[in-house]
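Asker: My questions all concern the structure below.
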Amino acid sequence: MTNESLELEKVFLPFSENELPSSFLNPFPTLNRLRQTTPIRYDETRQCWDIFGYQEIMQILKAPECFSSVVPGKFENSLSLPESILELDPPQHTKLRKIAGKAFAPAALSQLEAKIASIANELIDRVVQRGEMDFVADFANPLPVIVISEMLGVEQNDRALFKHWSDTMVKSPADASPESLERLHTEQLQARRELEAYFQKVIELRRSDPQEDLISQIVHAEVDGETLTFNQIVEFCILLLVAGNETTTNLFGNFVRLLTERSELQPAVSGNPERLKTMIEETLRFYSPVQALLRYTKQDIDLQGCHLKKDDVLVLWLTSANRDPAVFDRPDELDIDRSPNPHVAFGFGIHFCLGAMLSRMEAQIALDIVMRRLCNIRLAPGAALTPIPSTFFFGLQALPIEFDP
Ligand code: HEM
């Protein structure tokens, strides 16, 4: 591995190691301070630009011709998916998005509604009499993995493996030491190879024996008379698994975290689908599951008085944009009726989250069931919130709760 490929992993080191434990659970005071003092700044240690302001982030997301999603060759590493839609610019991006978009169209998704409800009910059946559960392990983790396995048409029994692979792929380094970065790199490379081998087998099977599933659709999809290459299909499957799991799990966990922090909201939201909808949107803004996006400058460019050079790395802090007082009134207050709520938790522009409709649907169905079936949800006595040790994702590793059935 070159030194430069390690550099990209450094981008996701916490700003200051001293702030570690509290900043993973509550990075907002730090982000607010940085947004106020330096909406755009260069961090020498992490060797990247940090962008904190909503307008600045929108300006970048609206200009893919200047701020690319293609990882410059010198940075490519075990996490890169250079042939997936996430890391392509137009025109290649446009073509892949057309193919992928079909599988995520409303008509395709509505077929999943009943399945999501039955999985959610089954997961609650298992714990309801106990009066306590780890909401992350018992609900927020399994549900999105089962849904995406169902869509892709892969064995649900393999979901522990999926979870392990996707957790490994999204880990942040523990510290800046070369040993730590190297260890993480080796672990991620291993997970990546196992994932590739897994999907290669499934894709071969679906080529010769198509089924009614997403992998079969992608394998046989054509745009302008062309099908996707084998590598493009493998990377797309990996992207769906990783992008779809961690994020939706975190949305569920963050939502229930808010219910424990603000217990007076529970009666207001329970059994009220419209309120539930706006509360889900407010959770996405207030505790955004994806903290940051990466972009790379295509050429030297001036941005708000800063001179950026070609192939510079930009970290766009969505969690900060979603608390920007220039756009949101009382941004540090949770307002479950907030409207409009133009948060950027799903990104913006040509790479706007392909799974946004799916995860909103999952959240509306599954969290409605949680709220109807579990009353008086509270943090288990003596339990502490365990955050995911990542600067990229914002969520909980464990959320022990008690409730009345
Ligand atoms: C893209 C967030 C759920 C698949 C994105 C982006 C964000 C995001 C911020 C933009 C990336 C960029 O501009 O570089 C979220 C959040 C989710 C979620 C917060 C849940 C609460 C899902 C699900 C799936 C999915 C369930 C699929 C199963 C994708 C894909 C892209 C994407 C394929 C790339 C789109 C493109 O590059 O054109 N997501 N996501 N996401 N997301 Fe999601």
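Asker: Among Gly131, Gly73, Gly101, which is the only one that is on the phi > 0 side of the Ramachandran plot, out of contact with any Gly (no Cβ under 9 Å at 6 or more places or on another chain) and not charged (D, E, K, R)?
Answerer: Numbers: Gly73 fails: on the phi > 0 side of the Ramachandran plot; Gly101 fails: on the phi > 0 side of the Ramachandran plot.
Just one listed residue meets the conditions, Gly131.
Asker: Test of understanding: among Leu241, Leu161, Leu205, which residue is of a type in the set (A, V, I, L, M, F, W, C) and touching a Leu at 6+ places or on another chain (Cβ under 8 Å)?
Answerer: None of the other options fit; the residue is Leu241.
Asker: Give me the pairs, please: first residue somewhere in the stretch 288-301 and free of Cβ contacts under 8 Å to residues at least 60 places away in the same chain, second residue anywhere and charged (D, E, K, R) and surrounded by 20 or more Cβ atoms within 10 Å (Cβ to Cβ), beta-carbon distance under 8 Å, and either six or more positions apart or on two chains.
Answerer: As it stands, the answer is none, since no pair meets every condition given.
Asker: If only one of Ile60, Ile99, Ile85 is within 18 Å of Cys353 (Cβ to Cβ), at pLDDT 95 or above and in contact with a Phe, Trp or Tyr (Cβ under 9 Å, 6 or more places away or on another chain), which one is it?
Answerer: Answer to the check: Ile60.
Asker: Output the number of the condition that Gln211 fails; it satisfies all remaining conditions of (1) surrounded by fewer than 20 Cβ atoms within 10 Å (Cβ to Cβ); (2) out of contact with any helix residue (DSSP H, G or I) (no Cβ under 8 Å at 6 or more places or on another chain); (3) in contact (Cβ under 8 Å) with a residue 24 or more places away in the chain; (4) assigned to a helix (DSSP H, G or I).
Answerer: That leaves (4) as the condition not met.
Asker: Moving to a separate point now. So Thr283 ticks every box in (1) outside any loop (DSSP other than H, G, I, E, B); (2) more than 21 Å from Arg41 (Cα to Cα); (3) out of contact with any Phe, Trp or Tyr (no Cβ under 7 Å at 6 or more places or on another chain) but one. Which box is left unticked?
Answerer: For Thr283, the exception is condition (3).
Asker: In the stretch 166-186, which residue that is of a type in the set (S, T, N, Q) and in a loop (DSSP other than H, G, I, E, B) is surrounded by the most Cβ atoms within 10 Å (Cβ to Cβ)?
Answerer: Out of the qualifying residues, it is Ser172.
Asker: Looking at this structure, is Leu241 under 30 Å from Ile369 (Cβ atoms), surrounded by 23 or more Cβ atoms within 10 Å (Cβ to Cβ) and touching a strand residue (DSSP E or B) at 6+ places or on another chain (Cβ under 7 Å)?
Answerer: On the way: under 30 Å from Ile369 (Cβ atoms): yes; surrounded by 23 or more Cβ atoms within 10 Å (Cβ to Cβ): yes; touching a strand residue (DSSP E or B) at 6+ places or on another chain (Cβ under 7 Å): no.
Answer is no for this residue.
Asker: Restricting the search to the stretch 214-233, which residues are in a loop (DSSP other than H, G, I, E, B) and either under 21 Å from Leu86 (Cα atoms) or of a type in the set (D, E, K, R) (or both)?
Answerer: Selection gives Ala221, Asp224, Leu228, Thr229.
Asker: Given (1) closer than 30 Å to Ala380 by Cα; (2) surrounded by fewer than 22 Cβ atoms within 10 Å (Cβ to Cβ), identify the lone condition not met by Leu189.
Answerer: (1)
Asker: Where in the stretch 295-405 are the strands (runs of 3 or more DSSP E), entirely inside, with at least 2 residues that are crowded, with 17+ Cβ neighbours inside 10 Å, of a type in the set (A, V, I, L, M) and away from the ligand (no atom under 16 Å from the Cβ)?
Answerer: 375-379
Asker: Looking only at the stretch 280-293, filter to residues that are among the hydrophobic types (A, V, I, L, M, F, W, C) and over 15 Å from Ala63 (Cβ atoms); which one of those is farthest from the ligand (Cβ to nearest atom)?
Answerer: Out of the qualifying residues, it is Phe286.
The values are calculated or read from the model by the stated rules, or taken from the named source; none is laboratory data. Computed from a predicted model, the values in this text were never measured in an experiment. Cβ coordinates were reconstructed from backbone atoms using ideal geometry, including for glycine residues, and neighbour counts include every protein chain displayed.
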